[in-house]
Amino acid sequence: MDRDELITQLQDDPVIWDFIIIGGGATGLGTAVEAASRGYRTLLLEQHDFAKGTSSRSTKLVHGGVRYLRQGNVSLVLEALRERGLLRQNAPHLVKNQSFIVPNYDWWEGPFYGIGLKIYDKLAGDLGLGPSENLSKEETLAKIPTLEPDDLNGGVIYHDAQFDDSRLAINLLQTLFDHDGIGINYMEVTDLLKANGLISGVKAEDREGNHTFELQARAVINATGIFTDSIRKMDDPDNRELIRPSQGVHIVLDESFQPGESAIMVPKTDDGRVLFAVPWHDRIIVGTTDTPIEAPSLEPRAKEEEVEFLLTHAARYLTKDPEPEDVLSVFAGIRPLVANKNSKDTSSISRDHSLIIDPSGLVTIAGGKWTTYRKMAEDTIDEATMVAGLDERESITDNLRLHGWLKNSDAADPFELYGSDALALKKIASEQADGNPQLHPNLPYTPAEVIWAARSEMARTVEDVLARRTRALLLDARASIEIAEPVAKLMARELNYDHQWVTNQVETYTELAKGYFLSP
Ligand SMILES: Cc1cc2nc3c(=O)[nH]c(=O)nc-3n(C[C@H](O)[C@H](O)[C@H](O)COP(=O)(O)OP(=O)(O)OC[C@H]3O[C@@H](n4cnc5c(N)ncnc54)[C@H](O)[C@@H]3O)c2cc1C
């Protein structure tokens, strides 16, 4: 995956793609894999880095959505539980079982949530990850010793799954290449091409080289999340706005706040939301909020009241109250919620995601969640094939092993998340003259991950490496700034950049990362 070679290929070899997919988040990457694995010529274009948008800012859960069960939306839960099972099977190196405890402080909560979660188990059927159970107070505290014991009656334990969102995005990108598709980052679609009123391709600008491309396709798929409307307005400026952006914030704490393997799930906070505190890469992620916002942004910032809400709720359920200075990182993401549907141009596949075919042939897929990306992609390509006038081919993704697939990966292996690529990383590590030392005592990363990211995962900037190829920015934003320079130097060596590039990268990254911690 040499980006410069891909750019040359695009310049020298003008082809008519079967599908051009705009957007390199979960939805776009999933759709590209769906298309390429059915044998269609597939090109994906991402304006920034893969998963820069919402797809690196989730709560990192692969879940059926207990919340939807409460709303009575059984079909949605069934669909998500099936996808959870498939993802666990197709990317076992990244998707792990996660036990959750619903702490019960009121007498009715044990039986109430106990019954609800039994239904959840039943819906999962053979793809279930373990039975839910009611726990006594002692059993609950044995699992989470720092849970607030006052007035605690007991808990209910149930099982879902957890993953690393941007690592899965990169594995999807690699899977796309494994199936002869192409994905390019830092390539922004700036306009749509039309012939006789129908979409015939896209105009795209290479943000690194400032080249402009006119690329032809039989169908163009808009998978741009919160930016969905900007692409639909390129098609028709009168198109109604579809997306209602809503921000969700997480804070990241040291694992001493919640030691052990279990997560906490609070079914109803003061504002009626579900709150999670989940162990992740030896930290605890607490989230999330739900704040309607005006305009979409690639780099959303947490509002003070959102952080306050999370700190207050974490303190309510944990014996050790987190203070602002305990927050290792705070990150915000924006949900691409679809506002309402216009029956004229909208075919609703489920209440969770929307697939729209405009009169021009533009295919738009929006909404949904990470967990259901594969089903969204399957629905999209089924429809887009007809728009493109291509022969129909069966989906194979429900049993398609994603790049990196490795059963029984070793939790003690520092490169476990890389699955079958871990061997290649070990080789790079063994070639380091200084023995591949950890870059920072508070972060689990070494030069090998940086070199691999630049060489094999299309990382182009220090931010790509520290925010998405590794998760340094989320695990400890301050520490990540301290390693920006060595990371930039390692990348410059790989990608042939000069001293000035290193200086610029360190400055740019430092500015960005300062937005991820609270106090100076
Ligand atoms: C706070 C929060 C927590 C969540 N937690 C979970 C969870 O635990 N589990 C779960 O299953 N789901 C979760 N979700 C939902 C999930 O993260 C999203 O549904 C999913 O990531 C959306 O992916 P996407 O590809 O549609 O959008 P995005 O990831 O935003 O991708 C869209 C991409 O399009 C690109 N783009 C835009 N315009 C252009 C252009 N002109 N040219 C080229 N590229 C362009 C953007 O740069 C962006 O990368 C959560 C969401 C939020 C906000």
I need every pair where a residue in region 195-211 that is over 17 Å from Gly23 (Cα atoms) and hydroxyl-bearing (Ser, Thr, Tyr) has its Cβ under 7 Å from the Cβ of a residue that is open to solvent by 70 Å² or more (accessible area, probe 1.4 Å) and away from the ligand (no atom under 14 Å from the Cβ), sequence separation at least 6 or different chains.
Ser200/Lys194; Ser200/Gln216
Counted residues in region 116-133 being open to solvent by 50 Å² or more (accessible area, probe 1.4 Å), touching a helix residue (DSSP H, G or I) at 6+ places or on another chain (Cβ under 9 Å) and closer than 18 Å to Asn73 by Cβ come to 1
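Residues are listed down the side, and each one gets a yes or a no for (1) at pLDDT below 90; (2) among the hydrophobic types (A, V, I, L, M, F, W, C):
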{"site": "Gln9", "(1), (2)": "no, no"}
{"site": "Ile20", "(1), (2)": "no, yes"}
{"site": "Lys60", "(1), (2)": "no, no"}
{"site": "Leu76", "(1), (2)": "yes, yes"}
{"site": "Leu81", "(1), (2)": "no, yes"}
Residue check, Arg393 surrounded by fewer than 20 Cβ atoms within 10 Å (Cβ to Cβ) and either among the charged types (D, E, K, R) or free of Cβ contacts under 8 Å to residues at least 12 places away in the same chain (or both):
yes
For region 134-165, which residues satisfy the criterion of being in contact (Cβ under 8 Å) with a residue 60 or more places away in the chain and open to solvent by 30 Å² or more (accessible area, probe 1.4 Å)?
Lys143, Pro145, Glu148, Pro149, His159
Suppose we keep only residues that are away from the ligand (no atom under 16 Å from the Cβ) and open to solvent by less than 40 Å² (accessible area, probe 1.4 Å) within region 1-29. Which one would you say is nearest to Leu172 (Cα to Cα)?
Asp18
Of the residues Ala204, Ala223, which single one is farther than 26 Å from Pro292 by Cα and at pLDDT 95 or above?
Ala204
Condition met for Ala32 (touching a helix residue (DSSP H, G or I) at 6+ places or on another chain (Cβ under 8 Å), part of a loop (DSSP other than H, G, I, E, B), within 15 Å of the ligand (Cβ to nearest atom) and among the aliphatic types (A, V, I, L, M))
no
Within region 290-298, can one find any residue that is within 30 Å of His179 (Cα to Cα), within 14 Å of the ligand (Cβ to nearest atom) and loosely packed, with under 15 Cβ neighbours inside 10 Å?
yes
Among residues of region 62-86, those that are open to solvent by 10 Å² or more (accessible area, probe 1.4 Å) and touching a strand residue (DSSP E or B) at 6+ places or on another chain (Cβ under 6 Å), counted
1
Residue by residue through region 211-262, note down the ones that are in contact with a Phe, Trp or Tyr (Cβ under 6 Å, 6 or more places away or on another chain) and away from the ligand (no atom under 12 Å from the Cβ).
Ala217, Ala219
Matching residues in region 35-80 (within 30 Å of Arg460 (Cα to Cα), of a type in the set (D, E, K, R) and within 12 Å of the ligand (Cβ to nearest atom)) number 5
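Here's the yes/no breakdown for (1) closer than 19 Å to Ile22 by Cα; (2) without any contact (Cβ under 8 Å) to a residue 40 or more places away in the chain; (3) within 22 Å of the chain's Cα centre (by Cα):
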position: Asp178; (1), (2), (3): no, no, yes
position: Leu193; (1), (2), (3): yes, yes, no
position: Ala217; (1), (2), (3): yes, no, no
position: Pro237; (1), (2), (3): yes, yes, no
position: Glu241; (1), (2), (3): yes, no, no
position: Ile251; (1), (2), (3): no, no, yes
position: Met265; (1), (2), (3): no, no, yes
Among the residues of region 42-63, is there at least one that is closer than 21 Å to Glu378 by Cα and among the charged types (D, E, K, R)?
yes
State which residue pairs qualify: first residue aromatic (Phe, Trp, Tyr) and inside region 414-429, second residue in a helix (DSSP H, G or I) and open to solvent by less than 40 Å² (accessible area, probe 1.4 Å) in any location, beta carbons under 6 Å apart, and separation of 6 or more residues or different chains.
Phe415/Ala422; Phe415/Leu425; Tyr418/Leu425
Here the residues within region 411-439 that are under 21 Å from Leu475 (Cα atoms), open to solvent by 20 Å² or more (accessible area, probe 1.4 Å) and not in a loop (DSSP other than H, G, I, E, B) are Glu416, Leu417
Given the conditions (1) within 14 Å of the ligand (Cβ to nearest atom); (2) open to solvent by less than 20 Å² (accessible area, probe 1.4 Å), every one holds for His313 apart from (1)
Return the residues of region 331-390 that are under 23 Å from Leu69 (Cα atoms), in contact with a Lys or Arg (Cβ under 9 Å, 6 or more places away or on another chain), open to solvent by 40 Å² or more (accessible area, probe 1.4 Å) and modelled with pLDDT under 90; say none if nothing qualifies.
Leu337, Asn340, Ser348, Ile349
Select from region 87-108 the residues that are open to solvent by 20 Å² or more (accessible area, probe 1.4 Å) and farther than 17 Å from Leu129 by Cβ and write down the one among them that is farthest from the ligand (Cβ to nearest atom).
Trp107
Close pairs from region 98-124: first closer than 16 Å to Ile264 by Cβ, partner of a type in the set (Gly, Ala, Ser) and assigned to a helix (DSSP H, G or I), Cβ under 7 Å, at least 6 apart:
Asn104/Gly110
If you check Arg455 against the conditions, is it surrounded by fewer than 23 Cβ atoms within 10 Å (Cβ to Cβ) and not in a loop (DSSP other than H, G, I, E, B)?
yes
Subset of region 160-195 [away from the ligand (no atom under 15 Å from the Cβ) and either assigned to a strand (DSSP E or B) or modelled with pLDDT under 95 (or both)]:
Lys194, Ala195
Every pair of residues 6+ apart whose Cβ atoms lie under 8 Å, when the first sits in region 9-36 and is under 17 Å from Glu214 (Cα atoms) while the second is part of a loop (DSSP other than H, G, I, E, B) and of a type in the set (Phe, Trp, Tyr)
Asp18/Tyr40; Phe19/Tyr40
Is it the case that some residue within region 493-516 is open to solvent by 60 Å² or more (accessible area, probe 1.4 Å), touching a helix residue (DSSP H, G or I) at 6+ places or on another chain (Cβ under 8 Å), under 25 Å from Ser297 (Cβ atoms) and polar (S, T, N, Q)?
yes
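The values are calculated or read from the model by the stated rules, or taken from the named source; none is laboratory data. Because the structure is predicted, anything quoted here is derived from the model rather than measured. Don't worry about glycine lacking a Cβ; one is built from the backbone with ideal geometry, like all the others, and counts go over all protein chains shown. Surface areas here come from the heavy atoms of the whole protein model, side chains and all, with no ligands, DNA or RNA. Shrake-Rupley method; radii C 1.70, N 1.55, O 1.52, S 1.80 Å.
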